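Remarks on the structure that follows.
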Amino acid sequence: MALAAAPAGTGAETRRRRMLAPLLVAGGVAAATLALHVRDPHEPGTWGLCPSAALGFACPGCGGLRAVHDLGELRLLDAASSNLLLVASIPLLVWVFGRWSAGRWTGRPWQPDSRRLAQVSAVLIALMVVFTVVRNTPYGAGLAP
């Protein structure tokens, strides 16, 4: 039994389908940012208890909710004070999202080299580990949330 090929849609229809994922990601980020604007994470208990904070240490994500809230109010220094690693990673995240979205828009998906992707991932994980260790020492108290 042969499978019938799907009818070719117009370029606009396929582009709409390709752009659905980036639009959903952008919408999710916007919704989360709005939620963090409406319900201030600076108020204790508004977003629950952080598991790592309950264990007595600050993970690389600790302070991230407060940082996003501060960024939503255009308070860059306050955001950096809450989570410098998150704020510093925003240009990289925007660049990756832009490359991915542009590839979806043009129909030529962005396919980064797997070796380079592994190297960048290793560097980012190492940065997160160093950031976590330093922010939990007396010398890195300024990086604590």
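The values are calculated or read from the model by the stated rules, or taken from the named source; none is laboratory data. A quick note: this is a predicted structure, and the numbers were derived from the prediction, not measured. Note: ideal-geometry Cβ built from the backbone for every residue, glycine included; neighbour counts use all protein chains shown.
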(request) Tell me which residues, restricted to region 104-130, are among the β-branched types (V, I, T) and under 20 Å from L86 (Cα atoms). (result) V120, V123, I125, V129, V130
(message) For region 53-64, check the following and say yes or no: at least one residue is within 30 Å of E13 (Cα to Cα), surrounded by 17 or more Cβ atoms within 10 Å (Cβ to Cβ) and modelled with pLDDT under 95.
(response) no
(message) Please verify whether A5 is modelled with pLDDT under 80, exposed (fewer than 10 other Cβ atoms within 10 Å of the Cβ) and in a helix (DSSP H, G or I), treating the condition exactly as stated.
(response) no
(message) Looking at R99, R104, can you tell me which residue is basic (K, R) and surrounded by fewer than 17 Cβ atoms within 10 Å (Cβ to Cβ)?
(response) R99
(request) Taking only region 65-87 into account, find how many residues are buried (at least 16 other Cβ atoms within 10 Å of the Cβ) and either out of contact with any helix residue (DSSP H, G or I) (no Cβ under 9 Å at 6 or more places or on another chain) or among the basic types (K, R) (or both). (result) 1
(request) Pairs only if they're at least six apart or on different chains, beta carbon under 9 angstrom, first in region 57-70 and acidic (D, E), second modelled with pLDDT under 90; list them, first residue then second. (result) D70/H42
(message) Give me the residue from region 12-52 that is in a loop (DSSP other than H, G, I, E, B) and surrounded by 11 or more Cβ atoms within 10 Å (Cβ to Cβ) and, out of that set, modelled with the lowest pLDDT.
(response) C50
